[in-house]
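Every read-out reported here was derived from the displayed coordinates using simple, explicitly stated rules and does not represent laboratory data. This is a predicted model, so every value here is computed, not measured. Quick reminder, even Gly has a Cβ in these numbers, built from the backbone with ideal geometry, and neighbours come from all protein chains shown.
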Amino acid sequence: MSDNNIMRVALVGPGRIATAHLEAIAASKGEAQLVAVAGLPQERERTEELALRYGAQRAVHDFDEILSADDIDGIVLTVPNHLHSELAVAILDSGKHVLVEKPLANTVAEVDEIAAAAAASGKTVMVGQCRRFFAGAQEAKQRMQTLNGPVSVVHNLGVYVEDAAVGWWKSAAQAGGLAVGLNGPHVIDTMVWLIGSQPIRVYAQTRRLRDRWEGEDEAVLLVEFADGSLGTGYLSLNTRIPVNDRLINGPDGSMRLTDDRNLWVGEDLVVSEQVVPYINGDSAFEQQFIEFVTAVREKRTPQSGLAEARTVVAVMQAVHDSQSSGVPVELDLGTPSVNK
């Protein structure tokens, strides 16, 4: 941190989601200062445009320059999924904190490499699970105990994607599948977070309805939890009528959470927020970034830290394993190297 306790931040990866994170940094008035926006040499025009628009001190076209900089405390990492682990480890090794876009990595082994680097450096890792940070989602979490348990969480998340927005979406290896790698973290993270128990078994089936990519564009998953709760997720990139809807049922009550923002408890609407395109930034990205800065400042584990992220990636990996084998996959999550 700088002498006035303001986090000095760089964003690495000037892609689609960068704008939402940069808006969050800009909205953090007095909490953080944008030092740099960094991208590849072939992204020079986009990198310089974002740096100018959001008032960064400089645009950088060499990742090593970011790593060696002594005026940067933390990095927001918004690069393709398959690059997360390699770059996150390098960032931690350079002595900087990191907020990584979801998912933290494509495999548990990669997560454990990040955890080892975090343990060695003593720096903070947080994963960008923005949908937790809407007021409606936070209120739902606070009210979960009133339902008693076990509970059932059913989440339908369907969007329509005409074609791969970027080249790496076409590669199953790079995207972590496709629907599972892109939107699976949203469904799995909030399911695990809301239920608050360890997932123990996963059964899933996936399909590719359109030949525009290698990975799946449809997925259905069932997650069993140690406390007897059930989580059911439906993911689609083919839904012409978009849906983001959770039903949460327990022995003593029901909730419904739509678009992560609007919460019904029974028949009563208790939290409501206007839905705006997330790609341009919103209140959840703002609260997520403040959580990152605050956790670093207070030297505590952030919401969506390493241990939680490891669970999400383990379930994602089990989804693919279950699809391949045709049978449920038992989870033995163990513990990560560090919970920071």
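Here r is the Cβ-Cβ distance between L209 and R53 and R0 is 51 Å; the resulting FRET efficiency, rounded to 0.05, is 0.85. Between V270, V329, V202, the GNM of the chain built on Cα springs shorter than 10 angstrom shows V270 fluctuating the most.
Could you tell me the calculated FRET efficiency between I6 and S324, based on Cβ-Cβ distance and R0 = 51 angstrom, to the nearest 0.05? Show your work: numbers first, answer last.
Details: r = 48 Å, r/R0 = 0.94.
Computed FRET efficiency for I6 and S324: 0.60.
When the chain is treated as a Gaussian network with alpha carbon springs shorter than 10 Å, the biggest mean-square fluctuation among M126, M191, M255 belongs to M255.
Shown here for the range 214-308: GluC sites (Glu not before Pro) in loop regions (DSSP other than H, G, I, E, B) with at most 13 other Cβ atoms within 10 Å, namely E267. Cβ-to-Cβ counts within 10 Å put T19, T78 in ascending order as T19, T78, the fewest first.
Quote to one decimal, in nm, the extra length available between R143 and E298 on full extension: 0.36 nm per residue of separation minus the C-alpha distance between them.
Values: separation 155, 0.36 × 155 = 55.80 nm, distance 2.64 nm.
Gain on extension, R143 to E298, equals 53.2 nm.
Within the listed set S152, S324, S85, the residue fluctuating most in the Gaussian network model of the chain (springs between alpha-carbon atoms under 10 angstrom) is S324. Taking the fewest neighbouring Cβ atoms within 10 Å as the starting point, the ordered list for V153, V276, V127 is V276, V153, V127. Judged by the mean number of other Cβ atoms found within 10 Å, the most tightly packed of the peptides 309-317, 30-38 leads the ranking 309-317, 30-38.
Maximal additional length on extending the L83-A226 stretch stands at 48.2 nm, based on 0.36 nm per residue less the C-alpha distance. Over the range 131-201, the hull volume per residue, using the convex hull of the C-alpha atoms, is 117 Å³. Over all other residues within a Cβ to Cβ distance under 14 Å of K29, the charged ones net out to -3, with Lys and Arg as +1 and Asp and Glu as -1.
Within a Cβ distance under 13 Å of R261, other residues only, what is the Lys/Arg minus Asp/Glu net charge? The partial results should precede the final answer.
Details: positive: R131, R132, R246, R256; negative: E139, D245, D259, D260, E273, D282.
Within the 13 Å Cβ shell, the charges total -2.
Student exercise: in the chain, how many lysine pairs 8 or more apart or on different chains have Cα atoms under 25 Å apart? Final tally of qualifying lysine pairs is 17.
With the contact rule set at Cα under 8 Å and sequence spacing of 6 or more, what percent relative contact order holds for the range 1-158? List each step's numbers first, then the result.
Working: 238 pairs, mean separation 28.4, N = 158.
So the answer I get is 18 percent.
Need one number: nm distance between label points at N249 and D93, each 7 Å from Cα along Cα→Cβ, rounded to one decimal. Reported label-point gap for N249 and D93 is 5.1 nm.
Can you tell me the relative contact order of the range 162-240? Whole percent, Cα pairs under 8 Å, sequence separation 6 or more.
Values: 132 pairs, mean separation 23.4, N = 79.
30 percent.
Using 0.36 nm per residue of separation minus the Cα-Cα distance, give me the extension gain between R44 and I279 in nm, one decimal. Each step should come with its number before you reach the end.
Details: separation 235, 0.36 × 235 = 84.60 nm, distance 2.08 nm.
Working it through step by step, the gained length comes to 82.5 nm.
For the chain, averaging the sequence separation of C-alpha pairs within contact (under 8 Å, six or more residues apart) and dividing by the residue count gives a relative contact order of 21 percent.
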